[in-house]
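J.: Quick one: the structure is below, questions incoming.
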Amino acid sequence: MAKQAKSKWNGFSLRPRKEMPEGLWTKCPACEHMLYKSAVEKNLNVCPECNHHFRISAATRINYLTDEDSFQQVLGDLKTSDPLGFKFRDTTYKQRIKDDEKKSGEKEAMLIGKAFIKGRPLILAVMEPNFLMGSMGAVVGEKLCAAVDMAMDEKLPLVVFSCSGGARMHEGVVSLGQMAKTSAAMARYDDSGGLFISVLTDPTTGGVTASFAMLGDCIIAEPGALIGFAGPRTIAETIKVELPEGFQTAEFMLEHGFVDMIVDRKDMRSEIARLIDYCQK
Amino acid sequence: MPDRANKINSGDHLDFEQKVADLDRQMNELRKLSSIKGIDYSSEIRQLQKEQVNELKRIYSNLTAWQTVQVARHPKRPLLSDYLDLMVKDFREFHGDRCFGDDRAIVTGLGQIGRDRVFVVGQNKGRNTKEKVVCNFGCPNPEGYRKALIKMKFAEKYGIPVVTLIDTPGAYPGIGAEERGQAQAIAANLQEMSRLRVPIICICIGEGGSGGALGIGVGDRLVMLEFAYYSVISPEGCAAILWRDGSQAPHAAEALKLTSKDLLKLELVDAVIPEPLGGAHRNVHDTVYNVEKYIVKTLRDLKRTKVDNLLENRYWKLRSIGVSPAERLRRKTLAGRERIKAAIDKIHTKPKPVPAKV
């Protein structure tokens, strides 16, 4: 038998990745097991073999988390005004928004509203990773501030699920300002004595981590989530050193003292309910 | 004392200042000739100088965004140390974050500007290579932000207004910085600065790079020098992500609207402090004087405001970032209406004066 030619593939290709045949099977990026898709979905989008938490959309997360049909969305139709008139390459920011609206089925990267978890009322804000990488622009900032106002008015706990690549470049300094804006709102909320539970999911980086996500009274992380300020690639490029194993994961953040606890997706509901019970005044 | 005249040498010209450089060279040649041969060329030199001034006016009146970034990064641009030397009298530096160490990229201390005592927090880049390494090229680590916070709390305790001078390419992205919680340090600063009970003036004197700049940049006023830039991401970084090519930075700079002119139009900065002809690096004294004048004037206004009103104004200033002008106006009217209503209620609920017994 002829000697098999060595593969020249170096792990990087400009061609679009070949998709799996639609539907049935999926591959876990962590343990590389082939998994039956419906089995994964039944398991709350967690790999049954290695407990890898897949990224899930905001709607799915709300579905998993809240009591049936209890989520009442507010400000659902708030849309960005494209303050800079941002154009890049051959496309525009507006076009990107339209594409991602189709892709994710949401109008912005955050959903807010009132919901119940195990019968406990709360204000919930969930970020949508499929909408421009869940980045924080003016609308996300405004929605989060609205959620804080609601929580203050109704004296309910606030739970925020962060899932974001950071500030939205397409809105320039406006999106940078949202960091200050959301932090100021959190300061007010803190002064009013409300409970703020911040849940960090994969990924939480950049401007979101450096503002409201790290200001929680209680900070929970999902296992294996990427959490950090600068992205791992930026760090590797800047300091030109190979990054250590497990750098910027939820476990790493726990070890260095920036996260209170790591909670599996299946326990999230009961854990949040428990915390709300404990923190009642 | 270092040389403050800031002579622009032949190597200091930016690439779009070719004609200015040529004129400089011609003038130098004429000067040399006149000293060697003893011929008086002063009228020619004056003519050339006039031409140069016109040329500088022409170039600097319409800089592109990328050219502005280059001016903001000019190696001779006045740094924090220049401002401390020329503007702040009796500066006493405060070191250390009482926890991990002393970050040299952020300098904090007490001093006097005009007649006011102020607490200065600033980012320092360093002039020569040795200083630059010590200051980590102006990229603060978490301990720098924690130092800034702890010292600002100290200033709050004694009612000393805070002045922050922003000049950083961004917070340092390193392994140690992540381990010590860069994100948490910045987040805590944003939260605490938004409710610090003393006036805060933030001035972007050079580069305003992303979260690193914002970490000491939340206050009652955010102002910029004319050719400073303030951006959510460095133009190079933005180009690398959206254009997939770092060399497209000029396009990215244009799209990000990071110049003082654009940001003033978007109402994201409160004022722009003018720079002398040809940029701050051509005349350090005038630049520092303009900044000082602004600080003194603004402090007078802010000190007159009651602390509660100051905080309320600061909060609503932050809350209205990114809100459309129409919505902002609506909120203002709403707030105004509420205030009037509250005032009327106060009048009505006032107990009627009891008539004195006769």
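J.: Work out the P(r) tail for segment A:56-279: percent of alpha carbon pairs separated by more than 24 Å, whole number.
T.: 41
J.: Name the trypsin sites (Lys or Arg not before Pro) in segment B:219-323 that are in a loop by DSSP and that have at most 11 other C-beta atoms within 10 Å, would you?
T.: Filter output for segment B:219-323: B:Arg244, B:Lys306.
J.: While we're looking at this one, here's another question. Hey, what's the Kirkwood Rh for segment B:200-358 if you take every pair of different alpha carbons, in angstrom?
T.: One decimal place: 18.9 Å for the Kirkwood radius.
J.: Which residue, B:Asn62, B:Asn189, B:Asn283, tops the fluctuation ranking in a GNM of chain B built on C-alpha contacts under 10 Å?
T.: Answer for the Gaussian network model of chain B: B:Asn62.
J.: Distance check, please: which entries in A:Lys42/A:Lys281; A:Lys281/B:Lys147; A:Lys37/A:Lys103 exceed 31 angstrom between their Cα atoms?
T.: A:Lys42/A:Lys281; A:Lys281/B:Lys147
J.: Based on other C-beta atoms within 10 Å, arrange B:Glu275, B:Glu312 from fewest to most.
T.: B:Glu312, B:Glu275
J.: Largest first and in whole Å, give the semi-axes of the protein assembly as shown's equivalent ellipsoid, each being the square root of 5 times a Cα gyration tensor eigenvalue.
T.: Semi-axis lengths for the protein assembly as shown are 45, 35, 23 Å.
J.: Run the helix sum for chain B: -39,500 (n - 2.57) per DSSP H stretch of 4+ residues, divided by residue count, reported at 222 nm to the nearest 500 deg cm²/dmol.
T.: The helix contribution divided over chain B gives -15000 deg cm²/dmol.
J.: Could you point to the residue in B:Cys202, A:Ala221, A:Ala180 farthest towards the positive end of the protein assembly as shown's charge dipole, with +1 and -1 charges on the Cβ of Lys/Arg and Asp/Glu respectively?
T.: Toward the positive end, the furthest listed residue is B:Cys202.
J.: Quote the convex hull volume per residue of segment B:12-62, based on C-alpha atoms, as a whole number of Å³.
T.: Considering the Cα atoms of segment B:12-62, their hull volume per residue is 57 Å³.
J.: As a test of the formula, what do you get for chain A when each DSSP H run with n ≥ 4 contributes -39,500 (n - 2.57) and the sum is divided by the residue count, at 222 nm and rounded to the nearest 500 deg cm²/dmol?
T.: Rounded to the nearest 500, the figure is -10000 deg cm²/dmol.
J.: Continuing with the same structure: Rank B:Ile340, A:Phe247, A:Gln95 by how far each Cα sits towards the positive end of the charge dipole of the protein assembly as shown (+1 on Lys, Arg Cβ; -1 on Asp, Glu Cβ) and give me just the farthest.
T.: Comparing the listed Cα positions along the dipole, B:Ile340 ranks first.
J.: OK, next. Sorted from fewest to most neighbouring beta carbons within 10 Å, what does the list A:Ile276, B:Ile233, B:Ile45, B:Ile36 look like?
T.: If I rank by nearby Cβ atoms, fewest first, I get B:Ile36, B:Ile45, A:Ile276, B:Ile233.
J.: About the Cα centre of segment B:12-62, what is the dipole size in debye to 20, counting +1 per Lys and Arg Cβ and -1 per Asp and Glu Cβ, all else neutral?
T.: That gives a dipole near 200 debye.
J.: Could you state the angle between the C-alpha long axis of helix B:284-304 and the longest principal axis of the C-alpha atoms of chain B, as a value from 0 to 90 degrees rounded to the nearest 10?
T.: Once rounded, the angle reads 10 degrees.
J.: Next question. For segment A:158-259, what D do you get in µm² per second when you plug the Kirkwood radius from alpha-carbon pairs into Stokes-Einstein at 20 °C and 1.002 mPa s?
T.: The Stokes-Einstein estimate is 151 µm²/s.
J.: Classify segment B:58-117 as rounded, prolate or oblate, taking a ≥ b ≥ c as the square roots of the eigenvalues of its Cα gyration tensor: rounded when a/c is under 1.5, otherwise prolate if a/b is larger than b/c and oblate if not.
T.: oblate
J.: Just want the ordering: B:Lys76, B:Lys37, A:Lys143, from fewest to most Cβ atoms lying within 10 Å of their own Cβ.
T.: Ordered by Cβ neighbours within 10 Å, fewest first: B:Lys37, B:Lys76, A:Lys143.
Each reported figure results from applying straightforward, stated rules to the coordinates on display, with no laboratory input. If you're wondering where the values come from, they're calculated on a predicted model, not measured in any experiment. As a convention, Cβ positions derive from the backbone with ideal geometry for all residues, glycine included, and neighbour counts pool all protein chains shown.
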